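Note sheet for the following structure.
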Amino acid sequence: DNPLQKTSVGFSVNSSDVFQSPYALNLSSFGKLVKRLQARHPEARRDKIFEAILQVRENNKGVLCGLSISTIEERASAIL
């Protein structure tokens, strides 16, 4: 057992961009979402965007599972 060996991540996005993780976005999808929100709300600071995404998760029973990126973007935009 090599402690430096890469491990797989326990979440993914399927072909229709619906989140499969019960806990969080994967980094690629999270990056896309933040970029989309920054483009849509250039006046919003990055920390406010993060807070809006966390609020969406909290409002969705603590998970983002089953929500598309566009749905999360819409809900976060409403908060921003």
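The values are calculated or read from the model by the stated rules, or taken from the named source; none is laboratory data. Bear in mind that the values here come from a model prediction, so they are computed numbers and not experimental data. When the accessible area is computed, the model is the full protein with side chains, heavy atoms only, and any ligands, DNA or RNA have been set aside. Shrake-Rupley method; radii C 1.70, N 1.55, O 1.52, S 1.80 Å.
At a threshold of 8 angstrom on Cα-Cα distance, excluding pairs fewer than six apart, so keeping six or more, what relative contact order does segment 27-79 reach in percent?
Working: 29 pairs, mean separation 21.9, N = 53.
Averaging sequence separation for qualifying contacts and normalising by length gives 41 percent for segment 27-79.
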Keeping all protein chains in place, calculate the accessible area per residue for segment 27-79 (probe 1.4 angstrom), answer in Å². 61 Å²
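Please state, as a whole number in µm²/s, the translational diffusion coefficient that the Stokes-Einstein equation yields for segment 27-79 at 37 °C and 0.692 mPa s, with Rh defined as the Kirkwood radius across alpha carbon pairs. Walk me through the numbers on the way to the answer.
Values: Rh = 10.9 Å.
Calculated translational D: 302 µm²/s.
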What length, rounded to one decimal in nm, is gained on full extension from residue 65 through to residue 77, with 0.36 nm per residue of separation minus their alpha-carbon distance? 2.5 nm
